[in-house]
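The structure under discussion appears below in the form of structure tokens.
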Amino acid sequence: MPFNSINPANGEILDSYPNWSDAEIESSLAKVSIGAKNWANTRFEQRANYMRATAEVLRKNKSQLSQTISLEMGKLLKEAEAEVEKSALGLEFYADHAEQFLAPQMIKSDASKSYVAYQPLGCVLAIMPWNFPLWQVFRFAAPALMAGNTAILKHASNVPQCALAIENCFIEAGLPEDIFRSFMITSSQVAPLIADPRIHAVTITGSTPAGSSVASQAGKHLKKSVLELGGSDPFIVLNDADLDLAVKNAVASRYMNCGQSCIAAKRFIVVNTIADQFLEKFTAAVEELTPGDPQNAETKLAPMARHDLRDELHTQVETAISQGANVVTGCQPIEGPGAFYTPSIIDNIDKYNLAYSDELFGPVATVIRVQDDAEAVSVANDTEFGLGGSIWTRDNTRGEQIALQLESGSAFVNGMVKSDPRLPFGGIKTSGYGRELSHEGIKEFVNTKTIWIR
């Protein structure tokens, strides 16, 4: 079955790419396996030069890459440009800091000399999603390659042009072709690849069911895995919040990338005394979002990435309404060839409603009203997910206390949840395990080796 690149704004097929045969997989895997031995012996300075060169290639080709992202998965052009720039910054961050992060750590013991050395594992398989088709790949690739590993990318089936563009960026920067490869394979071909002894670790960014399947395969073969999975992040608005600031960030966090982000705010947990006021301001701002061609600078809301994803979202919304949710605005697919959905808000969500517990991966905000701080924390933690969360209050001390109580990998006070190369990123519970970015992320795919000398 070929991989079709389809423009979600109009349903047109952009291009088609053949699925790799077993022979093609074997040929490329053999090359990357050989490359791993050579790459592990390169100096940090040499690896860093390649990363910086790749960042330059990204910036040089920003317009073309942004067009590819926007056409292939529907992202607003300005958001695609920001993604390209963030990817370049991630490469430069690890070029600047990887050697320091992985420097041997001297430790006093009963030896005359003892220390911890950090050495590459070998070849890492990365299974990546379509919603941030460049950033999420480079977020993995920059630290993995700087640590001395090689990388194989199995990208989402609806972004084959992005997958090949990433590989071409590395090649244009001069990176040897056997260090990073994009494999054009289906999900059914992943398990045999994980089982192959030439694959030493695996990482996935995706849904919780997909992560569970990959973790099971990796565990079966005793291979390290890192999972960054689904999320249903709480956006807690306390009674002393700056409502204008909160609303501005609520719109950005929920509707950026058409709401298709694991760390998007999804559950708006609002204290009753200011709930109506917040909802009035929030609704007015959301209704200003104009769906349209993501290539048009005037467009405020992109299409969803695929028609099936839009249909699945609408089914969830209809179920939530049948279970008592109130429609505040939107809640309808937009007729036409594109995968558009109206920017939507539903209110009056209780714990028996599907929208209370399920992740709604699209431009739909769910509002849950609570009595006080304690109930806000209780509702925020009453979920299987644990990726991120944010708290909105004029009292930073109060916000920090609540942030420490959230069961999540990150918590932001008066700021929307985001990834930053300087800070660890990842989740707990069914949102996954392990960390990306910062010094924590680069150490996920190394052998932390103790050296003891009498």
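What follows is calculated from the coordinates using simple rules that are stated; it is not laboratory data. Predicted model, so just to flag it, every value in this text is computed and none were measured. Virtual Cβ from ideal backbone geometry, glycine too; neighbours counted across all protein chains shown.
Quick one: Karplus J couplings for segment 284-297, per residue in order, coefficients 6.51, -1.76, 1.60, θ = phi - 60°, nearest Hz, x for Gly and Pro?
The phi angles translate into 4, 5, 5, 6, 7, 6, 9, x, x, 4, x, 7, 8, 5 Hz.
Residue by residue through segment 141-156, what is 3J(HN,Hα) from phi via Karplus (6.51 cos²θ - 1.76 cosθ + 1.60, θ = phi - 60°)? Round to whole Hz and write x for glycine and proline.
5, 4, x, 5, 5, 5, 6, x, 8, 9, 9, 10, 9, 10, 8, 4
State, to one decimal in nm², a quarter of the convex hull surface area for the C-alpha atoms of segment 233-413, i.e. the direction-averaged projected area.
9.6 nm²
Could you state, as a whole-number percent, how many of the C-alpha pairs of the chain are farther apart than 29 Å?
Within the chain, distances greater than 29 Å cover 49 percent of Cα pairs.
Whole-Hz ³J(HN,Hα) for each residue in segment 116-123, computed from phi via Karplus 6.51 cos²θ - 1.76 cosθ + 1.60 with θ = phi - 60°, x for glycine and proline: what do you get?
10, 10, 10, 10, x, 7, x, 9
So which trypsin sites (Lys or Arg not before Pro) in segment 91-146 end up in coil per DSSP with only 11 or fewer other C-beta atoms within 10 Å?
Qualifying residues, ordered by number: K108.
Which cross-chain or sequence-distant (5 or more) residues have an amide H under 5 Å from the amide H of V446, H modelled 1.01 Å from N in plane?
Those qualifying (amide H under 5 Å, at least 5 residues apart or on another chain) number zero.
With +1 on the Cβ of every Lys and Arg and -1 on the Cβ of every Asp and Glu, and nothing else charged, how large is the dipole of the chain about its Cα centre, in debye rounded to the nearest 20?
1860 debye
Counting other Cβ atoms within 10 Å, keep those with at most 11, restrict to DSSP loop, and tell me which GluC sites (Glu not before Pro) in segment 326-377 are left.
E335
Output the antiparallel fraction of DSSP beta bridges having both residues in the chain, as a percent to the nearest 5.
In the chain, DSSP labels about 35 percent of beta bridges as antiparallel.
In segment 1-82, what trypsin sites (Lys or Arg not before Pro) fall in a loop by DSSP, with at most 14 other Cβ atoms inside 10 Å?
Hits after loop and neighbour filter: R43.
Take the Cα gyration tensor of segment 354-451, multiply each eigenvalue by 5, square-root it, and list the three semi-axes largest first, rounded to whole angstrom.
Output for segment 354-451: semi-axes of 28, 17, 12 Å.
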